[in-house]
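First comes the structure, then the notes that go with it.
The values are calculated or read from the model by the stated rules, or taken from the named source; none is laboratory data. Remember, it's a predicted structure, so these values are computed and weren't measured experimentally. Please note: Cβ atoms are built from the backbone with ideal geometry, for glycine as well, and neighbour counts cover all protein chains shown. Side chains included, ligands, DNA and RNA excluded: accessible areas come from the protein's heavy atoms. Shrake-Rupley method; radii C 1.70, N 1.55, O 1.52, S 1.80 Å.
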Amino acid sequence: MAAQTVASTTESTVDLGPAAALSCRECGHRVPLGPVFACQECFGPLEIAYDFSAYDTEELRKRIEAGPANIWRYAPLLPVPADVADKPNINPGWTKLVKADNLARELGVDAGKLFVKDDSGNPTHSFKDRVVAQALEAARAFGFTTLSCSSTGNLAGAVGAAAARAGFRSCVFIPHDLEQGKVVMAAVYGGELVGIEGNYDDVNRFCSELIGDPAGEGWGFVNVNLRPYYAEGSKTLAYEICEQLGWQLPDQLVVPIASGSQLTKIDKGLQELIKLGLVEDKPYKIFGAQALGCSPVSTAFKAGHDVVRPQKPDTIAKSLAIGNPADGPYVLDIARRTGGAVEDVTDEQVVEAIKLLARTEGVFAETAGGVTVGVTKKLLENGLLDPSKSIVVLNTGDGLKTLDAVAGTGLTATIRPSLESFREAGLV
């Protein structure tokens with residue numbers, strides 16, 4: 001189905017702004033823009049190639065700064081039409097960059113050097129709104145009528161919300177045993193939500209089969225046949241961080257790893273800003289963060305391997321529970337190229353880190369945020385992060401989605417409605 005759709009809908013007439021073609025990350029082979037994700041020459045992953053040649057740096061900066069307070073301020077750098085902000089979309093982005101001085105004191109980081117990019121403020125309370133908003137515009141361009149995905153939870157909700165807003169049908173697929181909060185949030189938007197018996201990798205394989213079947217005709221799978229466009233949404237995290245730092249590159253970033261796409265596209269976004277002259281070129285380090293119960297990339301990194309061996313996930317950080325991460329080898333390349341690392345933490349350390357961030361900065365992170373904060377702490381203890389240089393830690397979702405992880409947290413005391421009882425409880 002995908003190849004037939006490309007032949008019929010994608011001659012160079014598709015308006016996706018500065019996007020010029022799809023280019024293979026492995027062999028460089030280019031094809032016209034269309035809903036395909038693998039190179040027909042070498043089966044490598046396709047990604048967007050742009051034509052930014054007409055941009056003047058200062059004019060581009062002014063255009064961005066005058067744009068809306070969402071990801072569409074960066075429309076000149078994304079595969080979207082120029083009028084994207086006028087279309088019905090969930091308009092995510094421009095989330096807070098929290099100066100985390102309280103957490104910095106706890107972790108031994110110099111004052112003013114630690115930041116948390118808190119993407120829980122997006123419409124469905126996770127960074128997935130960024131990538132889905134981007135994929136939705138591609139789905140419009142290619143004439144799809146159904147929006148779909150394979151999901152570990154957050155993406156399902158983001159697709160449901162975006163489809164509802166844009167008037168698309170949605171049908172999303174999830175592992176059958178996800179956290180109940182994420183199931184409810186995905187279902188409330190009125191689309192079809194289907195549980196698959198198995199883990200995320202089983203769900204993803206099923207979706208790949210559906211794409212090639214007549215039953216999937218007219219379906220845009222945001223993280224499969226629309227993946228090259230979808231993935232570009234993660235670049236907006238890099239753009240925002242640099243703009244919020246006063247158009248400066250951070251020295252160090254700690255990024256969670258599920259498929260690995262977010263980390264690779266953040267690096268791509270930073271490189272684009274450098275090439276466009278929007279930030280001064282300087283070294284930066286990118287660190288990947290995984291939960292020990294699903295840590296194929298960190299295992300490969302520590303062993304010095306270039307191949308990421310799949311694992312069967314067993315962790316409370318279910319949004320990161322992808323045992324066979326598509327971008328795993330590219331994450332290894334970026335961590336090594338920038339002088340970073342890939343580290344993991346136990347589920348117990350994830351819970352401790354969730355509570356630490358909440359207690360110090362008033363940010364309630366989901367388990368993926370617990371992974372990044374926990375890994376940040378571990379990297380500092382091991383001397384891999386420099387506490388005197390800027391550090392940006394990503395929190396990609398809201399802790400209300402993963403309440404089970406901190407279910408033991410509750411009342412400090414139960415007292416009678418009297419001052420005597422209050423004093424007896426030792427609360428004075």
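Residues of segment 315-329 being in a helix (DSSP H, G or I) and surrounded by fewer than 21 Cβ atoms within 10 Å (Cβ to Cβ), which ones?
Going residue by residue through segment 315-329, those that are in a helix (DSSP H, G or I) are 318-320, 328-329.
Result: 329, single match.
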* Asked: So which residues in segment 89-107 are part of a loop (DSSP other than H, G, I, E, B), open to solvent by 50 Å² or more (accessible area, probe 1.4 Å) and touching a residue at least 60 places away in the same chain (Cβ under 8 Å), if there are any at all?
  -> 94
* Boolean, residue 299 is without any contact (Cβ under 8 Å) to a residue 60 or more places away in the chain, on the phi < 0 side of the Ramachandran plot and among the hydroxyl-bearing types (Ser, Thr, Tyr) -> yes
* Looking at segment 42-57, which of the residues that are touching a residue at least 24 places away in the same chain (Cβ under 8 Å) and assigned to a loop (DSSP other than H, G, I, E, B) is surrounded by the fewest Cβ atoms within 10 Å (Cβ to Cβ)? -> 51
* Selection from segment 121-136 of residues that are of a type outside the set (Gly, Ala, Ser) and surrounded by 24 or more Cβ atoms within 10 Å (Cβ to Cβ) -> 122, 124, 127, 128, 129, 130, 131, 132, 134, 136
* Hits in segment 149-183 (condition: in contact with a Cys (Cβ under 8 Å, 6 or more places away or on another chain) and either modelled with pLDDT of 95 or more or open to solvent by 20 Å² or more (accessible area, probe 1.4 Å) (or both)) -> 159
* To do: Among the helices (runs of 4 or more DSSP H) lying completely within segment 335-428, list those that include at least 2 residues that are within 22 Å of the chain's Cα centre (by Cα) and more than 15 Å from residue 290 (Cα to Cα).
  => 347-361
* Quick one: in segment 196-221, of everything that is touching a helix residue (DSSP H, G or I) at 6+ places or on another chain (Cβ under 8 Å) and small (Gly, Ala, Ser), which residue is nearest to residue 320 (Cα to Cα)? => 220
* Asked: Are any of the residues in segment 299-314 under 27 Å from residue 174 (Cα atoms), part of a helix (DSSP H, G or I), in contact with a strand residue (DSSP E or B) (Cβ under 9 Å, 6 or more places away or on another chain) and open to solvent by 50 Å² or more (accessible area, probe 1.4 Å)?
  -> yes
* To do: Check whether at least one residue in segment 210-232 is closer than 27 Å to residue 97 by Cα, touching a Lys or Arg at 6+ places or on another chain (Cβ under 7 Å) and touching a residue at least 24 places away in the same chain (Cβ under 8 Å), and report yes or no.
  => yes
